[in-house]
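Have a look at the structure below, then the notes.
The values are calculated or read from the model by the stated rules, or taken from the named source; none is laboratory data. Note that the structure is a prediction, hence the values are computed from the model and not measured. Glycine gets a Cβ as well: all are built from the backbone with ideal geometry, and neighbour counts include every protein chain shown. What goes into the accessible areas is simple: the full protein's heavy atoms, side chains included, and nothing from ligands, DNA or RNA. Shrake-Rupley method; radii C 1.70, N 1.55, O 1.52, S 1.80 Å.
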Amino acid sequence: MKVLHNHFKHNGLFFIMFIVTVITIVSVSIIITWTTFRMSEKFFIDKFSITNAKVMDQVKENLEAFHYAVVIASNNISQSGTIKSILTDEQTNRQEMRSIYDMSQQINRINSPMETYEVEIMITGKNGFNYATGRTYWPITFESLRSTELTENTLKDPNRLIYQFGQKENNVDDHFIVISKALQDRISRNIYGALYFVIQESEFKSFYNSFTSAGNDVFVLNKSGYILSSNQTSNIGNKADELITYLKSNEDVTNHYEIGEIKGEDHIIFTKYLPSMDLYFVNVIDKKTAIGGLFNKKQIVLLSVGIVLVALIIVFLVTRRVTNSLSTLVRQIENTSRHNFVSYVSVTGTYETRQIGLAYNSMLDELQEYLEKLVQYQKEKRHAELAALQQQINPHFLYNTLTSIKFLVQQGGKAEAEETIRSLITLLQNTLGNGSETITIKQEVDNLKAYVYINQMRYGDRIKVNYFVSPDCEEYQIPKLILQPFIENSFFHGFNSKTEGFINLMIWKKDHTLLFEIMDNGDGMEISSEDTLPDTKRKQQHFTGIGVRNVHERLQLIYGGKYGVEISSKLGEGTSVKIRIPIDTDENFTNI
């Protein structure tokens, strides 16, 4: 996994260029292929719709011719005075037999427009007279006919012919289309009978049956959405909810096709409205069936994939050649040691890569010269700073300490005076006498003990100091005076409100890091987020002028940004100072 990671890292530019190119080529290929499919399908459907519209116009003409024949026949019957008399006058049995004969003669004279169609005519009168041209055609009793919804709908709208669905009693598989109209007086508009033209649905289907095929279906619907006729026999008499929803949402597009979803499949839908019949003629074609053989999608997709693969191979080779020299240059630059600025890179490859290599080598020369000067300057600067700090022994501290010794001698505290003098000598020797910038942890702790002893002789032992130093840390080298400023701050700033307390110094190591913590239970302080290293004002009794911020900056200058001082404090609870530095090695102090 690491090998793969390094390989990707050194060839990142190549992989990015190649991936972007792959995505671009594949996306363009997919878009072009998809667009080709869509445009081809649309072109085919547009051309197909023109032909289909002509066929639908022919079917419409046939249906309107049939409707015209029905209109002529219904007008002749409604205008016949003889028929009106038969349907309105009260009749005896003998007169009824005569009326049947007369009705037959009248129907034979006025039924010539319907002779070309297999249609039965049924008439019912207000006086209860009934007549049918073929009783075996639709064997329904007149009593049943009068009580059906067919008659109810006819009487509700007496001024027009209504196309409705009918079927034989107790036989749901034998379907009829019934065209009905109320017979009414032309002057009084009183209804005196009803007229029914009955045609078998299978006969009605002959108007369009040659137009249908597998996947190419026809539906004749009324405005309520009920299917009166269809080549899909199982749907006759049912309500086509999806089709009627489509028709209502596309009322202005009845002379064009639309792509709609029916039963979860895409269909091409052609619609014709027959205003004279008040019916919809809908042609529904399964889209897959219509365009399935238009073109071989599999071959086109395979051809597109082949072209894309060839293009990707060419792009791979070209991109690899262009980026290889740059990847080699990056690898050489990365392998250059962080402190070794004489590892020059080879100047090869394209013109741009060679120019980068020359510029890099020239930069190394200038950087090496600059670093040599900078290192020398930093050495001199740090030596000067430490020398200056070591000379900043506060004269008031020495004056007060000597005054305390004098007081102890006068009071007869010879042992205390001797110990105070010894502590002062130890403090001055390790601070001023040793010219080195580093000191062992044991020596630094001894200095702290001496400093604390002097202050306790002067101010009393109300502040206890405890030392917890891991034995395996005592001989590690650390910069001078990195702990004393914090002990000093705790003494003179941590216990202004509290009368007594303790200061704990803890030193241990973890992994390759030395950890120091100075913790007190004094007054604490508020530390703002903008200044996490607050400095305190110098007082006369301080030992040196080295501040908290000075210690932090020295450590970061020596060890880097991830090391240094962290201070946390809570008002009224105390303060904790944590110092982190790496365990001293030869490399850590070669430049100190």
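Of Tyr131, Tyr453, which has the most accessible area and how do the rest follow, probe 1.4 Å?
Tyr453, Tyr131
Hey, can you rank 490-499, 278-287 by average C-beta count inside 10 Å, highest first?
278-287, 490-499
Using a 1.4 Å probe and counting only protein heavy atoms, arrange Arg321, Arg462 so the residue with the most accessible area comes first.
Highest to lowest solvent-accessible surface, that is Arg321, Arg462.
Working out 0.36 nm times the residue gap between Ile100 and Lys449, then minus their Cα-Cα distance, what length gain in nm do you get to one decimal?
Additional length available on full extension: 111.5 nm.
Among Lys156/Lys239; Lys84/Lys272; Lys47/Lys239; Lys42/Lys239; Lys480/Lys570, which pairs are too far apart, with a Cα-Cα distance over 25 Å?
Check vs 25 Å cut-off fails for Lys84/Lys272; Lys47/Lys239; Lys42/Lys239; Lys480/Lys570.
How much length would be gained if the chain were fully extended between Val310 and Lys126, taking 0.36 nm per residue of separation minus their Cα-Cα distance, in nm to one decimal?
Full extension of this stretch gives 57.6 nm more.
Could you rank Glu201, Glu265 by how accessible they are, 1.4 Å probe, largest area first?
The residues order as Glu265, Glu201, largest area first.
Long-range amide H contacts for Ile262: which residues qualify at under 5 Å (H placed 1.01 Å from N, peptide plane, sequence gap of 5 or more or a different chain)?
His267
Simple spin-label model, 7 Å along Cα-to-Cβ: Tyr377 to Lys263 in nm?
8.8
Using a 7 Å offset from Cα along Cα-Cβ at Gln79, what residues in the stretch 187-209 end up with backbone N under 16 Å from the label point?
Taking a point 7 Å out along Cα→Cβ of Gln79, the residues of the stretch 187-209 whose backbone N falls under 16 Å are 187.
With a point put 7 Å past each Cα toward its Cβ, work out how far Asn231 is from Asn361 in nm, to one decimal.
With each label point 7 Å from Cα toward Cβ, the separation is 8.3 nm.
Please compute the Cα-Cα pair-distance distribution of the stretch 99-240 with 5 Å bins starting at 0, giving whole percents from short to long.
Binned Cα distances yield the sequence 2, 9, 17, 21, 20, 15, 8, 5, 2, 1, 0.
Modelling each spin label as a point 7 Å along the Cα-to-Cβ direction, I'd like the Lys442/Asn216 distance in nm, to one decimal.
10.8
Using a 7 Å offset from Cα along Cα-Cβ at Asp174, what residues in the stretch 220-250 end up with backbone N under 20 Å from the label point?
228-230, 233-238
Please work out the FRET efficiency for the pair Phe43 and Ser224, using the Cβ-Cβ distance as r and a Förster radius of 45 Å; give the result to the nearest 0.05.
After rounding, the FRET efficiency stands at 0.75.
Give the whole-number value, in cubic angstrom per residue, of the convex hull volume spanned by the C-alpha atoms of the stretch 170-237.
Value for the stretch 170-237: 125 Å³ per residue.
Within the stretch 301-332, which residues have the backbone N less than 18 Å from the label spot 7 Å out from Val347 along Cα→beta-carbon, could you tell me?
325-326, 328-330, 332
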